[in-house]
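Reading through the structure tokens given below for one structure.
The values are calculated or read from the model by the stated rules, or taken from the named source; none is laboratory data. Since we're looking at a predicted model, the values are computed, not measured. Note: ideal-geometry Cβ built from the backbone for every residue, glycine included; neighbour counts use all protein chains shown.
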Amino acid sequence: MPNQTSTTQSTLSVWRLVGDLLTSQSIVGQVALTGALDPVDAGSPATPRLVPLAGEGGALAAILVPPEAEGAVLCDGGALCPGLHLIRHADQLEVDGQTFWVAASVSADVTTYDPAIHGDDVYCFVTKVRLHPGDEIVSCPGRPGVPCGIIYRRAAWEMALESDPRFRCPGCRFDPSEGVWKPSVPEISSLKSFLEKARRAHGGPSEN
């Protein structure tokens with residue numbers, strides 16, 4: 001049975017398209033989905049809001065669509081009815097003509113083994129060698145929305161990366177080479193036509 005710890009966390013970011021410029025902002029608490037991504041207490045009750053979640057079931061956040069915003073919020077091109085909707089990694093939101101993407105950034109960081117944090121009687125997943133307090137380890141962060149926590153000795157983790165550039169964590173398939181996710185250039189370049197088709201499909205006004 002793989003050694004695991006429940007302390008793995010990821011950073012929730014919201015990407016926003018302003019003209020042809022992409023910007024990103026890390027999110028901790030609830031925010032109103034406006035141009036400034038204001039905290040909820042600064043937004044109007046009629047403004048859709050994004051609520052970070054713990055990543056259960058693959059969901060990173062939820063979007064609360066108030067009755068006043070009916071028909072004004074799209075997720076991956078589909079209109080959202082008033083209520084609470086789960087948002088997953090790389091989902092694209094359009095709110096009142098503004099475009100957002102919700103994404104999680106995860107990284108495998110080196111730390112030291114501490115029985116109080118990682119548990120007693122823990123072994124490296126690769127070498128099967130028992131860990132001792134103070135040993136340098138890597139705790140796999142998992143994929144966005146899919147926590148892992150399998151523990152490797154630092155040397156074993158680095159050796160795996162050096163020996164196989166395509167190395168993936170056997171427990172969750174985390175890819176250490178992926179880096180920070182952001183919307184791709186082709187996705188952005190075709191965004192306007194995509195959103196225009198979505199508006200027309202749902203009876204919304206054209207931008208022309």
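Here are some notes:
- Taken together, the residues in the stretch 89-125 that are part of a strand (DSSP E or B), under 18 Å from SER26 (Cβ atoms) and of a type outside the set (Phe, Trp, Tyr) amount to 6.
- Scanning the stretch 113-141 for residues that are among the acidic types (Asp, Glu), touching a strand residue (DSSP E or B) at 6+ places or on another chain (Cβ under 8 Å) and exposed (fewer than 13 other Cβ atoms within 10 Å of the Cβ) yields one hit, ASP121.
- Under the condition of being more than 22 Å from ALA104 (Cα to Cα) and under 27 Å from the mean Cα position of the chain (by Cα), the residues counted in the stretch 137-155 number 4.
- Residues located in the stretch 142-175, provided they are surrounded by 14 or more Cβ atoms within 10 Å (Cβ to Cβ) and either touching a helix residue (DSSP H, G or I) at 6+ places or on another chain (Cβ under 6 Å) or at pLDDT below 85 (or both): GLY142, ARG143, PRO144, GLY145, VAL146, PRO147, PHE167
- Any hit, the stretch 42-53, residues being modelled with pLDDT under 80 and either in the same structural domain as ILE117 (by TED's automatic domain parsing) or in contact with a helix residue (DSSP H, G or I) (Cβ under 6 Å, 6 or more places away or on another chain) (or both): yes
- Residue list for the stretch 75-88, restricted to those being part of a loop (DSSP other than H, G, I, E, B) and under 17 Å from the mean Cα position of the chain (by Cα): ASP76
- Subset of the stretch 110-150 [under 23 Å from TRP181 (Cβ atoms) and among the aliphatic types (A, V, I, L, M)]: VAL110, VAL138, VAL146, ILE150
- Residues of the stretch 133-156 satisfying the condition of being closer than 23 Å to HIS89 by Cα and not aliphatic (A, V, I, L, M): SER139, CYS140, PRO141, GLY142, ARG143, PRO144, GLY145, PRO147, CYS148, GLY149
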